[in-house]
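Contents: one structure, followed by commentary.
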Amino acid sequence: MTFEQMNLDKNIIQALHTLGYEKPLPVQEKVIPNILSGTDCIVKSRTGSGKTASFAIPIIQNLEIDERSPQALVLTPTRELALQIQQDFDRIGTFKKIKTLPIFGKQPFKFQKEDLKQRCHVVIGTPGRVLDHLQQETLDPSKIKYVVLDEADEMLNMGFIETVQKIFFRLPKNASVCMFSATLPQEIQELAHDFLKQAEVVEIESQTSVSEQMHHYAYRLKEHEKPQALLKLLCRELPESCIIFAKT
Ligand code: AMP
């Protein structure tokens, strides 16, 4: 399967090519069609599998660009993950000109409140601060049609499950929900039972992550191909810092 066969907008295909995503990864092949058709899903998959793009691509595809209120809410356990997810949305949605907003604690509430008054398509946040904004009515949930729970088991470990439940009670009942979790403990299954509708369960076998694949790939490169491949890898991963090991 190719991204073109998924009937995605040209501006998304163009962004994916710019990012060097040549074809969908296994998690994307399974999850993108589900989200595009509005089917709720529970995805058992780990970081590094390409899961962020598996929800960002179909959500961006179905965003109405002229709508001012948020249409998608992504809940994630940490501020670092929120920023990482925002970056992925921004890169994939760059030619569609989507607006994203990260919302997390330890940042002034009043600035976020001002940002939330502007046009924004996707809010990516940690549960506590998102609930605060919903309770204070500074985040309008009425147009939300996609909810993503990222790293649900981590949110459970960090004691966020009750907050997530409170958030759900304030969201439109017909929103599509997609839950990502490396493991599915009892509490996560109960959460899915309470808030997901006839969910498709997608299980991606434990596989090597993209960076691990790249690492293996490097061994098969010819000497003269290495600088270009390294440049491509750095452009794609954009690490804040990295260590490059060389023979001499
Ligand atoms: P994630 O599991 O979302 O953290 O993604 C892991 C890495 O896979 C990220 O660096 C992405 O940029 C990369 N990635 C996502 N989708 C693709 C794809 N279709 N082809 C190549 N790399 C991808």
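Take the stretch 46-88 and flag every residue that is of a type in the set (Gly, Ala, Ser) and surrounded by fewer than 22 Cβ atoms within 10 Å (Cβ to Cβ). Don't jump to the end; show me each part of the working.
Going through the stretch 46-88, the residues of a type in the set (Gly, Ala, Ser) turn out to be 48-50, 53-54, 56, 69, 72, 82.
Hits for the stretch 46-88 are Gly48, Gly50, Ser69.
Looking at Arg91 and the list (1) in a loop (DSSP other than H, G, I, E, B); (2) surrounded by 15 or more Cβ atoms within 10 Å (Cβ to Cβ); (3) modelled with pLDDT of 95 or more, which single condition is not satisfied?
Going through the list (1) in a loop (DSSP other than H, G, I, E, B); (2) surrounded by 15 or more Cβ atoms within 10 Å (Cβ to Cβ); (3) modelled with pLDDT of 95 or more, Arg91 breaks only (1).
May I ask you to list the residues in the stretch 94-103 that are over 14 Å from the mean Cα position of the chain (by Cα) and either polar (S, T, N, Q) or part of a loop (DSSP other than H, G, I, E, B) (or both)?
Thr94, Phe95, Lys96, Lys97, Ile98, Lys99 - these are the residues of the stretch 94-103 that are over 14 Å from the mean Cα position of the chain (by Cα) and either polar (S, T, N, Q) or part of a loop (DSSP other than H, G, I, E, B) (or both).
So is Phe95 within 13 Å of the ligand (Cβ to nearest atom) and either hydroxyl-bearing (Ser, Thr, Tyr) or over 25 Å from Leu191 (Cα atoms) (or both) or not?
no
Based on this model, can you work out whether Ser49 counts as among the hydroxyl-bearing types (Ser, Thr, Tyr) and within 23 Å of Ala175 (Cα to Cα)? I'd like the intermediate steps shown before the answer.
Values: among the hydroxyl-bearing types (Ser, Thr, Tyr): yes; within 23 Å of Ala175 (Cα to Cα): no.
In short, no.
Out of the stretch 84-123, which residues are aliphatic (A, V, I, L, M) and farther than 20 Å from Ile167 by Cα?
Within the stretch 84-123, Ile92, Ile98 qualify.
Any idea how many residues of the stretch 146-183 are part of a strand (DSSP E or B), within 22 Å of Gln136 (Cα to Cα) and of a type in the set (Ser, Thr, Tyr)?
Matching residues across the stretch 146-183 total 1.
Only one residue in Ile32, Ile65, Ile60, Ile13 is within 25 Å of Glu205 (Cβ to Cβ) and either touching a Ser or Thr at 6+ places or on another chain (Cβ under 9 Å) or of a type outside the set (Lys, Arg) (or both). Which one?
Only one candidate qualifies: Ile32.
Taking the conditions exactly as written (assigned to a helix (DSSP H, G or I), surrounded by fewer than 17 Cβ atoms within 10 Å (Cβ to Cβ) and without any contact (Cβ under 8 Å) to a residue 12 or more places away in the chain), does Glu187 satisfy them or not? Working first, answer last.
Working: assigned to a helix (DSSP H, G or I): yes; surrounded by fewer than 17 Cβ atoms within 10 Å (Cβ to Cβ): yes; without any contact (Cβ under 8 Å) to a residue 12 or more places away in the chain: no.
The answer is no for Glu187.
The values are calculated or read from the model by the stated rules, or taken from the named source; none is laboratory data. Note that the structure is a prediction, hence the values are computed from the model and not measured. Cβ sites come from the backbone with ideal geometry, for glycine too, and all protein chains shown count toward neighbours.
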